[in-house]
1. Give a quick list of GluC sites (Glu not before Pro) in the range 12-111 that DSSP marks as loop, anything other than H, G, I, E or B, with at most 16 other Cβ atoms within 10 Å.
2. Given Cβ point charges of +1 (Lys, Arg) and -1 (Asp, Glu) and nothing else, what value in debye, to the nearest 20, does the dipole of the range 179-290 about its Cα centre take?
3. Check Ile93: other-chain or 5+ apart residues with amide H under 5 Å from its amide H, H built from backbone geometry?
4. I need the phi-derived Karplus couplings for the range 5-12: 6.51 cos²θ - 1.76 cosθ + 1.60, θ = phi - 60°, integer Hz, Gly and Pro marked x.
5. Could you run the Karplus curve 6.51 cos²θ - 1.76 cosθ + 1.60 with θ = phi - 60° over the range 105-110 and give me ³J(HN,Hα) per residue in whole Hz, x for Gly and Pro?
6. Give the relative contact order (percent, whole number) for the range 1-84; include only Cα pairs under 8 Å separated by 6+ residues.
7. Amide H neighbours of Phe198 under 5 Å, at least 5 residues apart or on other chains, H built in the peptide plane: list them.
8. Among Leu119, Leu17, Leu180, which one shows the highest mean-square fluctuation when the chain is modelled as a Gaussian network with alpha-carbon springs under 10 Å?
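What follows is calculated from the coordinates using simple rules that are stated; it is not laboratory data. Here the structure is a predicted model, which means the values were calculated and not measured. Positions of Cβ are generated from backbone atoms using ideal geometry, with glycine treated the same way; all protein chains shown enter the neighbour counts.
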Amino acid sequence: MSRLAIGIFWLLHWLPLSLLSRIGAAFGLLLYVFVAPRRKVALTNLRLCFPELSEAERRALARRHFAVTGRSMLEQGLAWWASPERLRKLVRIEGLERLNALKAAGRPVILLTPHFVGLDMAGTRLSMEGDFVSVYARQKNEVFDHWLHHGRSRFNDQLLLSRSDGVRSTVKAMKAGRPLYYLPDLDYGRRESIFVPFFGVPAATITGLPRLARLAGAAVVPSIARVLPGGKGYVLELGEPWADYPSDDVEADTLRMNRWLEGVVRTMPEQYLWVHRRFKTRPKGEPRFY
């Protein structure tokens with residue numbers, strides 16, 4: 001079954017993006033209807049984060065989220081097999097000169113990349129611009145694991161570390177000139193996490209961003225992947241490096257990250273990873289949400 005799915009992905013990647021995006025959106029809406037557990041997770045997250053919306057508005061937002069998620073899933077084949085020329089046309093990078101200037105100055109860089117649905121496509125496109133380091137979580141399905149790993153490493157000399165490789169390997173890679181494509185906004189449990197608000201809800205959040213920035217002397221550059229409407233492709237926005245970061249207060253630094261992320265999410269709420277159980281880990285004594 002997994003090989004059949006990969007074959008379908010391969011066939012679909014030949015389609016023009018304008019058509020593939022419509023097929024992907026329809027596929028995502030089917031997932032909304034039939035994958036009830038993830039639909040419930042998304043609706044719970046939206047209820048917690050957007051209490052000002054009505055139930056009907058949250059359900060409409062959830063359907064848009066599943067539609068764009070379906071797109072990103074079926075368009076994954078483009079990251080795996082599309083030619084470099086096609087990828088350059090499909091994914092535009094804005095602000096690459098900022099990253100290049102930091103690298104030229106010998107400054108380690110952390111690309112702060114939240115879990116928006118376009119991050120894999122953007123990451124593959126960015127890897128065409130040089131050698132990076134990122135953390136790769138091995139997939140249980142060996143067939144999909146092979147192709148996901150291929151998509152993230154097919155260009156240049158990418159270094160994919162596991163979480164078990166530890167901080168030292170990551171810092172060493174950054175100091176050697178590899179920017180870190182860093183995704184710190186999932187619930188990884190209590191270990192190395194503190195509770196800071198995310199949309200006003202206490203969320204277990206790892207403190208890796210300020211710790212890594214301090215250890216490597218790295219600049220933190222916002223890295224936002226956006227899926228464009230109408231099959232127009234993707235854009236990766238590399239922003240200005242954060243000033244006065246990190247500070248001497250790890251909790252304040254972690255809160256700053258979450259507040260910044262809230263602002264970005266509000267610009268495209270349908271594209272954030274709402275199917276992840278972001279509030280799974282609760283402070284002691286608090287009831288579970290899921």
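1. Details: sites: Glu52, Glu55, Glu57, Glu75, Glu85, Glu94, Glu97; in loops: Glu52, Glu75.
Counting only loop positions with at most 16 other Cβ atoms within 10 Å, the GluC sites (Glu not before Pro) in the range 12-111 are Glu52.
2. Details: 15 positive and 13 negative charges, 112 e Å.
Here the range 179-290 has a charge dipole of around 540 debye.
3. So Ile93 has HN proximity to Leu236.
4. Each residue's phi maps through the Karplus curve to give 4, 4, x, 5, 4, 5, 5, 5 Hz.
5. 7, x, 8, x, 9, 10
6. On the way: 71 pairs, mean separation 40.8, N = 84.
Over the range 1-84, the number comes to 49 percent.
7. Placed amide hydrogens put Ala203 under 5 Å from Phe198.
8. Per the Cα network of the chain with a 10 Å cutoff, Leu17 tops the list.
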